[in-house]
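This report concerns only the one structure given below.
Read-outs throughout are calculated quantities, based only on the coordinates presented, and are distinct from any laboratory measurement. Note that the coordinates shown come from a computational prediction; the quantities given were computed from them, not determined experimentally. Glycine gets a Cβ as well: all are built from the backbone with ideal geometry, and neighbour counts include every protein chain shown.
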Amino acid sequence: MEFTHLDAIGNVAMVDVSAKPGTFRMAVASGYIRMRAETIERLSSNALPKGNVLTTAKLAGILAAKNTAHLIPLCHQLNLSWADIVFDVQHDGIGIEATVKTKESTGVEMEALTAVSIAALTIYDMCKAVDKSMEIGAITLDKKIGGKSHAPELYRPKTSILVLSDSVSAGQAVDRSGEVLRDGFAEAGCTIGEVKVIADNQQEIVSIIEEWTSGDIELIVTTGGTGLGPRDITVDALLPLFSRRLPGVEQALFNWGQGKIKTAMLSRLAAGVVKSSIVICLPGSTGAVSDALEVLIPALFHAFAMMKGEGHSS
């Protein structure tokens, strides 16, 4: 085999997940170690020189899952909620399956894969004295739950965005929050209807929301007008239109915002249902709407199946 010499190594860095909220995540990985039938017989009867193979391999795999960040340089160090390994002993080898769970801001795929790998290597080490023909292979990620990539099947609502700002509507400032929301929901797979910028005018706010909720817009996100200033009237204008409040959405947004900046407690963000549409009122800063995207996507998309009577998603 010919190796290429690298004169310089490029910059490497961990992925920054500090802006992502912690959520339930799970990964399942599997692999296989092939060995002679005679070795399987000795393993099953606990007649190998190093003792109980599968118990030792299970402990090694769980320990490996807990220490993956120490083995793979750019992995995040995670607080695991649960890890387990099961074995399927066959006539010519052993199947290995690892399940790992966490409530963190990034997934546990590498922890599950590492657990399988180390469990397989431990079996190899404990059996190598009697079997030089063993082979390890077929290590693969079988299942992943949690994060945005786990929600390809979720319904994506048609979404419109309303930016409330006297200065932007007058051409004295550039809209950034509306662009962040448009790009975020579009990237998540939503069809974007309109992105409108208007002044903080209560009558115009109500008129546009009534127009959109009477049409085919299913999700409306407003940005701006949620503070304590005399012109911050977005929430006051829209609360009377809500047939239902969504306190869970509001609480999630509040909790995430206050965990990053204490002044988030002064925001008057709101979420509710108007006719058959969901309306969410967010602050006007780019930081606030970026945080909101992390909280809302993809969890909010479950709401549309529920509103159609399809029940709760697991």
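Taking the Cα centre of the chain as the origin and placing charges on Cβ (Lys, Arg +1; Asp, Glu -1), which of Met134, Ala170, Leu219 is farthest toward the positive end of the dipole?
Met134
How charged is the neighbourhood of Val206? Take every other residue with its Cβ under 15 Å from the Cβ of Val206, and add Lys/Arg as +1 and Asp/Glu as -1.
Working: positive: Lys196, Lys275; negative: Asp200, Glu204, Glu210, Glu211, Asp236.
Charge balance near Val206 sits at -3.
Indicate, rounded to the nearest 5 percent, the antiparallel portion of the DSSP beta bridges found entirely in the chain.
If we restrict to bridges inside the chain, about 70 percent are antiparallel.
Size of the dipole of segment 159-307 about the Cα centre, Lys and Arg at +1 and Asp and Glu at -1 on the beta carbon, nothing else charged, in debye to 20? Provide the component values of the computation, followed by the final result.
Numbers: 10 positive and 17 negative charges, 92 e Å.
Dipole size: approximately 440 debye.
Rounded to the nearest 20 debye, what is the charge dipole size of the chain about its Cα centre when +1 sits on each Lys and Arg Cβ and -1 on each Asp and Glu Cβ?
The dipole of the chain has a size of about 800 debye.
Kindly work out what percent of the DSSP beta bridges joining two residues of segment 159-307 are antiparallel, to the nearest 5.
Within segment 159-307, antiparallel bridges account for around 30 percent of the total.
Where does each of Val174, Val108, Val53 land when they are ranked from fewest to most other beta-carbon atoms within 10 angstrom?
Val174, Val53, Val108
Find the centroid of the Cα atoms in segment 166-218 and in segment 239-314, then give the distance between the two in whole Å.
About 16 Å separates the Cα centre of segment 166-218 from the one of segment 239-314.
About the Cα centre of segment 23-147, how large is the charge dipole given +1 on each Lys and Arg Cβ and -1 on each Asp and Glu Cβ? Please answer in debye to the nearest 20.
About 240 debye.
What longest range of the chain stays clear of loop-exposed GluC sites (Glu not before Pro) (DSSP non-H/G/I/E/B, at most 16 other C-beta within 10 angstrom)?
Here the longest segment lacking exposed loop sites spans 154-309.
What ranking do Cys127, Cys190 get, fewest neighbouring Cβ atoms within 10 angstrom at the top? It would help to have the intermediate numbers written out before the result.
Working: Cys127 24, Cys190 20.
In increasing order of surrounding Cβ atoms, one gets Cys190, Cys127.
In which sequence would Met26, Met110 go, from the one with the fewest C-beta neighbours within 10 Å to the one with the most? Intermediate values should be presented prior to the final figure.
Working: Met26 19, Met110 22.
Fewest to most other Cβ atoms nearby, the residues stand as Met26, Met110.
Please report how many Lys pairs in segment 23-147 have alpha carbons closer than 23 angstrom, counting only residues at least 8 apart along the chain or sitting on separate chains.
Lysine pairs satisfying the spacing and distance rule in segment 23-147 number 18.
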